[in-house]
């Protein structure tokens, strides 16, 4: 894999990398940006799983090439690798990119909710999300999910897209490894999971059960709500709810932090870790 030199930020070969900060706010037709060495390694692994995640091109700062040669060797030889100076690299990205490692990827087909839930094993741990709008929180939730053996993440349509650059970066590439689906209302989501026999536990400071009292179950879902408002009252009334014990005086934990604590507990009692 011989890197191809880019000296002009307007070179059409690297058009997919141009102004990636703005691309986070627009439709990308299934394409996404992977940033950093660790995420590049995760993309290489995902490329070879047959899950429909593929790399289209790689762009490197000239002084980063030697450090990632081993990762580049994991990609198919036909994936083009471009290299640029710092000035050209930053002009392409639209801002200072000190990491100097970017890849343009494409998610060929996103699994539908029904298909994803239907494919889960009889013993499964699922993280569900309602109205998560912050990409940092979304990325952190995926990182926690990967750490604690979650089989899938399911989100309602009001949650933000995990394939945005920032979410992928914060997840350290876990968005590329943990199966997920994002569609429909949270009501429909809960109903579909209940129909498949999952025990659903909504996380809330108003939860009726202490987190440590959640009983083991071969199919468990932890449901986290939107930052600030939490889960809708009608959803809280239709499922079991759990709270994380904490000192008084603070309204609630950050949603990604709460999800991480709860996932660790439930993964432990069910033998996922």
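The values are calculated or read from the model by the stated rules, or taken from the named source; none is laboratory data. Bear in mind the structure is a predicted one, so any value in this text is a computation, not a measurement. Here the Cβ is made from the backbone with ideal geometry for all residues, glycine too, and neighbour counts use every protein chain on show.
Suppose we keep only residues that are surrounded by fewer than 15 Cβ atoms within 10 Å (Cβ to Cβ) and without any contact (Cβ under 8 Å) to a residue 40 or more places away in the chain within the range 201-214. Which one would you say is nearest to residue 268 (Cα to Cα)? Let's see the steps before the verdict.
Looking only at the range 201-214, we keep the residues that are surrounded by fewer than 15 Cβ atoms within 10 Å (Cβ to Cβ), and these are 205-206, 208-210, 212-213.
Within this subset, residues satisfying the condition of being without any contact (Cβ under 8 Å) to a residue 40 or more places away in the chain are 206, 208-210, 213.
Details: 206: 23, 208: 21, 209: 17, 210: 15, 213: 13 Å.
Restricting to residues being surrounded by fewer than 15 Cβ atoms within 10 Å (Cβ to Cβ) and without any contact (Cβ under 8 Å) to a residue 40 or more places away in the chain, the top hit is 213.
Identify all residues within the range 216-231 that are in contact with a strand residue (DSSP E or B) (Cβ under 8 Å, 6 or more places away or on another chain) and either surrounded by fewer than 19 Cβ atoms within 10 Å (Cβ to Cβ) or not assigned by TED's automatic domain parsing to the domain that holds residue 257 (or both); write none if there are none. Give the derivation first.
Of all residues in the range 216-231, those in contact with a strand residue (DSSP E or B) (Cβ under 8 Å, 6 or more places away or on another chain) come to 217-225, 231.
Passing the criteria: 217, 218.
If you go through the range 109-132, how many residues are part of a loop (DSSP other than H, G, I, E, B), within 26 Å of residue 166 (Cα to Cα) and at pLDDT 95 or above?
Going through the range 109-132, the residues part of a loop (DSSP other than H, G, I, E, B) turn out to be 109-112, 119-123, 130-132.
Next, only the ones that are within 26 Å of residue 166 (Cα to Cα) stay: 109-112, 130-132.
Next cut, at pLDDT 95 or above only: 130-132.
Count: 3.
Restricting to the range 172-200, and then to whatever is assigned to a loop (DSSP other than H, G, I, E, B) and touching a helix residue (DSSP H, G or I) at 6+ places or on another chain (Cβ under 8 Å), can you tell me which residue is surrounded by the most Cβ atoms within 10 Å (Cβ to Cβ)?
In this case the residue turns out to be 173.
Given 150, 172, 178, which one is under 18 Å from the mean Cα position of the chain (by Cα), on the phi > 0 side of the Ramachandran plot and modelled with pLDDT of 95 or more? Please lay out each step first, then the result.
On the way: 150 fails: on the phi > 0 side of the Ramachandran plot; 178 fails: on the phi > 0 side of the Ramachandran plot.
None of the others qualify; the one that does is 172.
Could you give every pair whose Cβ atoms fall below 6 Å, whose first residue belongs to the range 257-271 and is more than 24 Å from residue 228 (Cβ to Cβ) and not assigned by TED's automatic domain parsing to the domain that holds residue 225, and whose second residue is modelled with pLDDT under 95 and surrounded by 24 or more Cβ atoms within 10 Å (Cβ to Cβ), counting only separations of at least 6 or pairs across chains?
none
Please specify each residue of the range 148-171 satisfying the condition of being touching a residue at least 40 places away in the same chain (Cβ under 8 Å) and outside any loop (DSSP other than H, G, I, E, B).
154, 165, 166, 168, 169
Can you say whether residue 161 is under 26 Å from residue 16 (Cβ atoms), surrounded by fewer than 19 Cβ atoms within 10 Å (Cβ to Cβ) and modelled with pLDDT of 95 or more, as far as the supplied structure shows? Let's see the steps before the verdict.
Numbers: under 26 Å from residue 16 (Cβ atoms): yes; surrounded by fewer than 19 Cβ atoms within 10 Å (Cβ to Cβ): yes; modelled with pLDDT of 95 or more: no.
Taking the combined requirement at face value, the residue does not satisfy it.
Go through the range 1-108 and tell me which strands (runs of 3 or more DSSP E), entirely inside it, have 1 or more residues that are surrounded by 13 or more Cβ atoms within 10 Å (Cβ to Cβ) and over 24 Å from the mean Cα position of the chain (by Cα).
Numbers: elements: 31-35, 53-61, 81-84, 101-107.
Filter on the range 1-108 gives 53-61, 81-84.
All but one of (1) farther than 23 Å from residue 158 by Cα; (2) assigned to a helix (DSSP H, G or I); (3) modelled with pLDDT of 95 or more hold for residue 269, so report the exception by its number.
(3) is the only condition that residue 269 fails.
Being closer than 22 Å to residue 20 by Cβ and in contact with a helix residue (DSSP H, G or I) (Cβ under 6 Å, 6 or more places away or on another chain): is that true of residue 83 here? Please lay out each step first, then the result.
Numbers: closer than 22 Å to residue 20 by Cβ: yes; in contact with a helix residue (DSSP H, G or I) (Cβ under 6 Å, 6 or more places away or on another chain): yes.
Considered against the rule, which asks whether it is closer than 22 Å to residue 20 by Cβ and in contact with a helix residue (DSSP H, G or I) (Cβ under 6 Å, 6 or more places away or on another chain), residue 83 comes out as yes.
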